[in-house]
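Quick notes on the structure that follows.
The values are calculated or read from the model by the stated rules, or taken from the named source; none is laboratory data. Everything quoted here is computed from the prediction, not taken from an experiment. Methodologically, a virtual Cβ is constructed for each residue, glycine included, from the backbone with ideal geometry; neighbour enumeration extends over all protein chains shown. Just so you know, the surface numbers come from the protein's heavy atoms only, side chains and all, with ligands and any DNA or RNA stripped out. Shrake-Rupley method; radii C 1.70, N 1.55, O 1.52, S 1.80 Å.
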Amino acid sequence: MTDATQEVAGGVHRFADGLVNWYLIEEDDGLTLVDTGWPRSWPRIEQAIIGLGRSVRDVRAIVLTHGHPDHLGAAEKARQECGAPVMAYRGEVARVKGEARGSSPLTLVPSLLPHLWRPASLGFVLRATVEGFLTPTWVKEVESFEADEELDVPGRPRPIRTPGHTEGHVSFLLSEKGVLISGDALLTLDPLTREEGPLVPPDALNTDTAQARESLSAIEKVDADTLLPGHGEPWHGSMSDAVARAR
């Protein structure tokens, strides 16, 4: 996968940042940045914004699906440079600030070690290390939101609770565009094996895989025809079909 910006729906742009996706939602009144890649992704985020003919000051909000360092990555830098708030579900705020038990990415190391015999797993871990995964920059100021209420930001994403990968993980529904940004609740590429999905993230990366599978029921009910995951290519079709394949 090469680093590239791709418009995947009207005004919704995907950036594939070394097996990790983040998204820009573009409206006349500004941009919403959904997830922020790796801790060292800011130069690529800035370049993507400029590539759209916009300024970093056009970013009105930075919204996060969850607080793993390959998704909250450059959020604090983006907050400072864009002058925009970082927003997370109330149950994930402590993780995004690095204050929750298990926030440290080092807690994932024991579960990852048995997978490192695979070249794909080793490659992902090495890329993550180079990109600062093990030394995240936590977000100093975070605005919390509730689930199931549209956020008053460009694109009006509606957060849907999809816990399991982390305790406070959410996905974002863009109702008018028929798009679900699923974060790591539902992937189309397993970063450890390169298996293609839709699929649930591997056990080694989840807080509670049983809960992650239960969260598929919330995704199954969503009225959308484009799935935009945190890892992997966009997937087109009903969410019920995507969930059936994942199960």
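Across the stretch 5-124, the mean sequence separation of Cα contacts (distance under 8 Å, 6 or more residues apart), normalised by length, yields a relative contact order of 18 percent. Length available on full extension from Thr129 to Arg194: 0.36 nm per residue minus the Cα-Cα distance, which gives 21.6 nm. Of the residues Ser111, Gln211, Val59, the one whose Cα sits farthest towards the positive end of the charge dipole of the chain is Ser111 (charges of +1 on Lys and Arg Cβ, -1 on Asp and Glu Cβ, taken about the Cα centre). Annotation note: GluC sites (Glu not before Pro) in the stretch 91-168 located in DSSP loop regions with a Cβ neighbour count of at most 13 within 10 Å are Glu99, Glu141, Glu146, Glu149. Sparse packing (at most 14 other Cβ atoms within 10 Å of the Cβ) combined with a DSSP loop state is found for the following chymotrypsin sites (Phe, Trp or Tyr not before Pro) in the stretch 100-198: Trp117.
The Cβ shell under 10 Å around Leu52 holds other residues with a net charge of -2, Lys and Arg each +1, Asp and Glu each -1. Rolling a 1.4 Å probe over the protein heavy atoms of the stretch 65-214, with every protein chain left in place, gives an accessible area that is 50 percent carbon and sulfur.
Here the Gaussian network model covers the chain, with springs between Cα atoms less than 10 Å apart; of Arg57, Arg118, Arg213, Arg118 fluctuates the most. Classification of the stretch 80-149 by its C-alpha gyration tensor yields a prolate form. The axis ratio a/c (a ≥ b ≥ c) is 1.5 or more, and a/b outweighs b/c.
Among DSSP beta bridges lying fully in the chain, give the percent that are antiparallel, nearest 5. Don't skip to the answer; put the middle values down first.
On the way: 25 of 39 bridges.
Antiparallel: roughly 65 percent of the beta bridges in the chain.
For the stretch 84-165, the per residue solvent-accessible surface stands at 52 Å², with DNA, RNA and ligands left out and a 1.4 Å probe.
Considering all projection directions equally, how large on average is the shadow of the alpha-carbon convex hull of the stretch 11-111, in square nanometres? Present the calculation step by step, with values, prior to reporting the outcome.
Values: hull surface 26.3 nm².
About 6.6 nm², averaged over all directions.
In terms of the Cα gyration tensor, with a ≥ b ≥ c the square roots of its eigenvalues, is the stretch 120-247 rounded because a/c is under 1.5, prolate because a/b exceeds b/c, or oblate? Provide the component values of the computation, followed by the final result.
Working: a/c = 1.69, a/b = 1.17, b/c = 1.45.
Verdict is oblate for the stretch 120-247.
Please state the relative contact order of the stretch 83-167 as a whole percent: Cα pairs under 8 Å, 6+ residues apart?
Working: 72 pairs, mean separation 33.4, N = 85.
Computed value for the stretch 83-167: 39 percent relative contact order.
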